[in-house]
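Note sheet for the following structure.
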Amino acid sequence: MTRPSDYVDASSPQGEPDAPINAPKLGFVGALRFAWRQLTSMRTALLLLLLLAIAAVPGSLVPQRSSDPNGVIQYFRDNPDLAPVLDKIQMFDVYSSAWFSAIYLLLFVSLIGCIIPRTKHHYQAMRQRPPRTPARLNRLAVHREQNLSGGSTGEAITAARDLLKKSGYRTEIYTGKDGVASVSAERGYLRETGNLLFHSALVLVLVAVGFGGGFGYAGQKVVVEGQTFVNSLVDFNSFNPGRFVDTESLPPYSLKLDKFDVEYETKNINAYGQAIDYTAHVTSRDVDGDTEKHQIKVNQPLRIDGTNVYLLGNGYAPKVTVRDPEGNVVFTDSIPFLPMDTNLTSQGVIKIPDGLAKQIGMIGFFYPTAVEQTSGAFASNYPDLIYPTLSLNVYSGDLGINDGVPKSVYSLDTDKMTEIAGRTIGKKEGGTAPLKLMPGQTQNLPDGLGTITFENVNPHPKKDDYAGSVARFASMDIHRDPTQVWVGIFAGLILLGLLTSLFIPRRRVWVKATEGADGTVLMEYAGLARGEDPGLREAVDNIAERHIRALGAVPDEAREGNVEA
């Protein structure tokens, strides 16, 4: 709407209608104060909390180096184009990334800046007297009047104060300018206390998580049946310590994987071959040499010396022995092969840097129950050892391990190597097809380099029965979090504070007694709630009825009123 021509803005200098408005400049300090107020507002804290929850989602969508390093390797193998892009934006290290930490710290500052002034205000409010009684109680949303015969106003107000105190109200007696006595009462400050408890406990959870991240650690270790893991830095496959962890003082204990049992579904044809239970049987040894037997399951970690040992994954670890042309053993070890499907078709890498005329590397595929497809390739149709077969593509040349650059034991760079046995060269005239071995079998390596044996690790092998012929491995996550109990306590306080702030109403109640000319006493009961309180009317009626019974007075039926404005 257009303003009239003679309109004068009160803020215009000298009453000039066309003069510009000269607003004060915010300035640097003012800008900082404005930014601080925006950051410490409850709306901003809730927004940051939502952003933190959203930022944590990628951590459950892609494997994390801190908990599943083998999964990260497999993700790079399955997604060679996408994985490097995700790695640049720290998607494989979500919880330690710069952007997640920024949200975390901003939320921390926002909550503290919001809690401190609210706590101060709440403390001051609790020390103040209840507010004076309004002059006209009948204007309140909940109001009730009752005429009583007999008694005095002083007695009525005293009885009302005692009743309200017993009901948990803070009370104060006031006398108005007209000499009318009343009692003012309020309750429900515990609601704001619960609200502050909720936010304070949330801050403490953030502090505990940060403290645990600084003084805790997580490490992964692949342990083959019969092998022992020692809780020291050099024995981990991957290790992610907190900023303040002393890696030289880890809890001294060892774990030996005695046996790994898997139970498969064999009755339900629709789930045939599906694993239904995993059990790792381990033996622990402490610094004094005392041993103890344990079982670790997927949802039942082992608690030992302040650390939790979780069972993450499992697979097969074929034992391979390589000999030179003279029969001397140059390599023997159980090599964990990473599963590629539910039937445990697995892939692994074997590297022989020394002992032969050339450095050789082998990319192997293990099939627990091998079946040959029409294309000539193998696949596994059952995860247990029914017809185990090991297929090896062999390469010779430079393994790239002498240039000082770390190499993954699960990958083989063949750029500087020559294929001497495999499907590609096997199609050429005179070429060698992939080496295929079953447990206990030996084959010659190409070019007269020596022999390779697929060992049967069953101490009592049986003909055509391959049960136990290949060792299994278990992937374990060793996790230490010194604040785990505290996080649980603070989480409980969060729940307690939330329930308190939701279910305890904030109320004010007034009771006024006015002496009538005919000797009766007019009692007024009124209530006011802060926010929605559907039980306020019932509460005021209950107080009125209990008060009348406590007085022992007789209601004047002729002049009884019940007015609710």
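The values are calculated or read from the model by the stated rules, or taken from the named source; none is laboratory data. Quantities reported herein were computed from a predicted structural model and do not represent experimental measurements. For neighbour counting, all protein chains shown are included, and Cβ atoms are generated from backbone atoms with ideal geometry for every residue, glycine included. The accessibility values were calculated without ligands, DNA or RNA, using every heavy atom of the protein model including side chains. Shrake-Rupley method; radii C 1.70, N 1.55, O 1.52, S 1.80 Å.
Numbers below:
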item	result
Distance histogram for region 338-402 (every C-alpha pair counted, 5 angstrom bins, percent rounded to whole numbers)	4, 18, 22, 18, 13, 11, 11, 4, 0
Two-site label geometry, Tyr189 and Val230: point separation in nm, points 7 Å out along Cα→Cβ	6.2 nm
Solvent-free Debye scattering, log10 I(q)/I(0), computed from the Cα coordinates of region 200-338 at q = 0.13, 0.15, 0.17 Å⁻¹	-0.76, -0.93, -1.06
Net lengthening on full extension, Phe244/Lys166 (0.36 nm per residue, minus Cα-Cα)	22.8 nm
Carbon + sulfur, % of accessible area of the chain - ligands and nucleic acids excluded, 1.4 Å	55 percent
Cross-link reach list, lysines versus Lys512, counting only Cα pairs under 24 Å and skipping chain neighbours closer than eight places	Lys165, Lys166, Lys177
Base-10 log of normalised Debye intensity for region 111-183 (one unit scatterer per alpha-carbon) at q = 0.18, 0.24, 0.25 Å⁻¹	-0.89, -1.26, -1.30
Distance histogram for region 418-504 (every C-alpha pair counted, 5 angstrom bins, percent rounded to whole numbers)	3, 10, 10, 10, 8, 8, 8, 5, 4, 4, 6, 6, 6, 6, 4, 2, 1, 0
Rg ratio (alpha-carbon, reference 2.2 N^0.38 Å) - region 15-158	2.02
Pairwise Cα inverse-distance average, inverted: Kirkwood Rh of region 269-361 (Å)	17.0 Å
Accessible-area order (highest first, 1.4 angstrom probe) of the listed residues His479, His460	His460, His479
Probe 1.4 Å, accessible area per residue of the chain, Å²	56 Å²
Two-site FRET efficiency, Asp305 against Ala467, from Cβ-Cβ distance with R₀ of 41 Å, rounded to 0.05	0.70
Accessible area (Å², 1.4 Å probe, nearest 10) - Asp341	70 Å²
Length-normalised contact order for region 321-470 - Cα pairs under 8 Å, 6+ apart - percent	21 percent
When each of Lys407/Lys427; Lys297/Lys407; Lys319/Lys428; Lys297/Lys463; Lys351/Lys436; Lys293/Lys462 is checked by Cα-Cα distance, pairs over 25 Å	Lys407/Lys427; Lys297/Lys407; Lys319/Lys428; Lys297/Lys463; Lys293/Lys462
Region 252-293 - Rg over Rh from alpha carbon coordinates, Kirkwood radius	1.30
Radius, Kirkwood style, for region 52-101 when every pair of distinct Cα atoms is counted (Å)	10.9 Å
Reduced Cα scattering model of region 384-442, Debye log10 I(q)/I(0), q = 0.15, 0.26 Å⁻¹	-0.61, -1.04
Rg/Rh for the chain, where both radii come from Cα atoms and Rh is the Kirkwood radius	1.23
Longest to shortest principal axis, alpha-carbon extents of region 73-150, angstrom	92, 26, 19
Förster-model FRET efficiency, 41 Å R0, Asp87 and Met42, C-beta, rounded to 0.05	0.65
Over the chain: helical MRE at 222 nm, DSSP H runs n ≥ 4 each giving -39500 (n - 2.57), nearest 500	-9000 deg cm²/dmol
Geometric extent, Cα atoms of region 293-427 - Rg, Dmax (angstrom)	17.9, 57
Ranked order, Glu429, Glu225 - accessible area, probe 1.4 Å, largest first	Glu429, Glu225
Protection proxy ranking, peptides 141-149, 73-81, average beta carbon neighbours within 10 Å, highest first	141-149, 73-81
Overall dimensions of region 213-263 as given by Cα atoms, namely Rg and Dmax in Å	12.8, 41
Solvent-accessible ranking of Asp354, Asp261, largest area first, probe 1.4 Å	Asp354, Asp261
Estimated distance in nm for a label pair at Val371 and Val29, the labels positioned 7 Å out from Cα along Cα-to-Cβ	8.1 nm
Extension gain, Thr451 back to Glu292 (0.36 nm per residue minus Cα-Cα distance, nm)	53.2 nm
Kirkwood-type radius of region 91-225, with distances r between different C-alpha atoms, in Å	20.4 Å
